[in-house]
Amino acid sequence: MENALILGASGGIGAALAAALETTGTRVTCLSRSADGFDVTDEASVAAHLGALDPGFDLIFCATGGLQIGDHGPEKALSQLTPEAMAAQYALNCIGPAMMLKHSTRLLPRDRPARFAALSARIGSIGDNRLGGWTSYRAAKAALNQVIRCGAVELGRTHPQATCVALHPGTVATDLTRKYLGRHPSVSPEEAAQRLLSVLAGLTAADSGGFFDQHGTPVPF
């Protein structure tokens, strides 16, 4: 039986991932702020919660993140940027996952394939940015992609069979994104979870450090 750890399991995608894995017989451990006090913006909280777990997870999935934080929504122009909003985005969407990666590498086995995945977003791609806007969110996700790339390089030295990737889930209809969907087509968290798990099943250590969409297609950094 495989073991999976879902970080941010109370969110739409996180909860759907946990449910989908459980149907396959995977033993799933869930952590979230609402249920466990798992605060991804506080390294002490991340270290304490992950430090209490025993090694042996075949999959660790960071499903945390946020588009609007407090009263700060996505900016439409540079004139709307504030240091506070940018710092909040970076703390939640980059530093949080970075601390989760830092404190969870000891939980991954070294003698067999294992996977660490973090939810990123296509909008964080620099090469794919043709519209501008949403600067704080874009920048935080771009920084997350770099963290994943660095982490993959380091993991490759100690966990040669590990795969460390950033994943774009597509446009998913959750409470956090619903007001920004407009006329864009979206999928349910359940469908997004199935797609993401299918992508992960097809990746190997040779793909580590990559950024992939919900269909398994590489996304430019």
Discussion item. Students often get this wrong: which residues of the range 63-100 have the backbone nitrogen under 20 Å from the point 7 angstrom along Cα-to-C-beta of Ser186?
Written reply: 63-76, 93
Item to complete: Given the peptides 51-57, 140-146, arrange them by the average over their residues of other C-beta atoms within 10 Å, most packed first.
Response: 140-146, 51-57
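At 0.36 nm per residue, minus the direct Cα-Cα distance, what do Ala48 and Thr26 gain on full extension? Give it in nm, one decimal, please.
Gain on extension, Ala48 to Thr26, equals 5.5 nm.
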Discussion item. Which order do you get for Tyr137, Tyr90 if you rank them by accessible area with a 1.4 Å probe, largest at the top?
Written reply: Tyr90, Tyr137
Practice prompt. Leaving ligands, DNA and RNA out of it, rank Glu191, Glu75, Glu22 by accessible area with a 1.4 Å probe, largest first.
Written response: Glu22, Glu191, Glu75
Worksheet item: Over the heavy atoms of Thr29, what accessible area does a 1.4 Å probe trace out, to the nearest 10 Å²?
Response: 40
Worksheet entry | Lys, Arg +1 and Asp, Glu -1 on Cβ, resulting dipole of the chain about Cα centre, debye, nearest 20 | 500
Fill in: Calculated P(r) tail over 16 Å for the range 80-128, as whole % of Cα pairs
58
Response to the item:
Subtracting the Cα-Cα distance of Leu81 and Ala19 from 0.36 nm times their residue separation yields 18.5 nm
Practice prompt. Evaluate E = 1/(1 + (r/R0)^6) for His215 and Val153, where r is the Cβ-Cβ distance and R0 equals 25 Å; express this FRET efficiency to the nearest 0.05.
Written response: 0.50
Worksheet entry | Within-13-Å neighbourhood charge of Ala142 [Cβ basis; K, R +1; D, E -1] | +3
Practice prompt. Treat each spin label as a single point 7 Å out from the Cα along the C-beta direction, and report the Thr204 to Arg106 distance in nm.
Written response: 3.2
Item to complete: Over the range 1-80, calculate the relative contact order: mean separation of alpha carbon pairs under 8 Å at least 6 apart, over the residue count, as a percent.
Response: 37
Fill in: Residue order for Arg149, Arg157 - accessible surface, 1.4 angstrom probe, largest first
Arg157, Arg149
Practice prompt. Using a 1.4 angstrom probe, figure out how much accessible area the chain has per residue, in square angstrom, rounded to the nearest whole.
Written response: 48
Discussion item. Counting pairwise Cα distances across the range 118-221, what percent come out greater than 25 angstrom?
Written reply: 21
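When N counts the residues of the chain, how does its alpha-carbon radius of gyration compare numerically with 2.2 N^0.38 Å, as a ratio?
Numbers: Rg = 16.3 Å, N = 221, 2.2 N^0.38 = 17.1 Å.
Relative to the rule-of-thumb radius for its length, the chain sits at 0.96.
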Response to the item:
Surrounding charge for Ala121, neighbours by C-beta under 13 angstrom, Lys/Arg +1, Asp/Glu -1, total +1
Worksheet item: Within the accessible area of the chain, what % is carbon and sulfur when the probe is 1.4 Å and the other protein chains stay in place?
Response: 54
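The values are calculated or read from the model by the stated rules, or taken from the named source; none is laboratory data. Note that this is a predicted model, so its numbers are computed, not measured. Quick reminder, even Gly has a Cβ in these numbers, built from the backbone with ideal geometry, and neighbours come from all protein chains shown. Accessible surface is based on the protein model in full, side chains and every heavy atom, while ligands, DNA and RNA are left aside. Shrake-Rupley method; radii C 1.70, N 1.55, O 1.52, S 1.80 Å.
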